[in-house]
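In what follows, a single structure is set out as structure tokens and then discussed.
Bear in mind these aren't lab numbers, they're just calculated from the coordinates by the rules spelled out. Remember, predicted model here, so these are calculated numbers, not experimental data. Cβ placement follows ideal geometry from the backbone for every residue including glycine, while neighbour counts extend to all protein chains displayed.
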Amino acid sequence: MNFTPARKEPVDNRYQYEKVTRFMNKQLVSLSPIENAFDAMDFLLEKRISGAPVLDDRGHMIGIITEKDFLKMILDRAYNNHPVRGTMVKDYMTTEITTVSPDMDLLDVAQMFLRSPYKRFPVVENGKLLGLVSRRDILKAALLVKHTSWK
């Protein structure tokens, strides 16, 4: 005779996905495209961050500038004799950006991280930057979210 005891709570075999908005970083540092690039580099070094979104005067994300972009700037200056004065963030920022929407599932974003070299994705809705989600945010979410089928 088989006997299966009654469960006290119903079993839900569906994944209960968490959304990006719950775990993204909303305290952002951003830069202007017309800001002096060397001042921006100094600012990021001072804040101990590896990159920042670049926003236009309406708050729309138009690019991102990272340590890699600043390395290009330094090499242009050293090897190509580019002038130091007048160099702006817009001259070196990356404009082809992979973004995520605020309602994306964290597992989908985790898949995106596995397929790309990026450490963070901007969370954008209607051109407006809402936050950033990083690999570390996904890892924190995995530890915090106990009610999902993440194991």
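Observations on the structure shown:
- Around LYS47: net Lys/Arg minus Asp/Glu count, Cβ-Cβ under 15 Å: -3
- The share of alpha-carbon pairs in the stretch 98-151 lying farther apart than 16 Å comes to 40%.
- Note on THR98 and LYS68: their simple-model spin labels are 1.0 nm apart, each label 7 Å out from Cα toward Cβ.
- Charge sum, other residues only, whose C-beta stays under 14 Å from VAL109's C-beta, Lys/Arg counted +1 and Asp/Glu -1: +3
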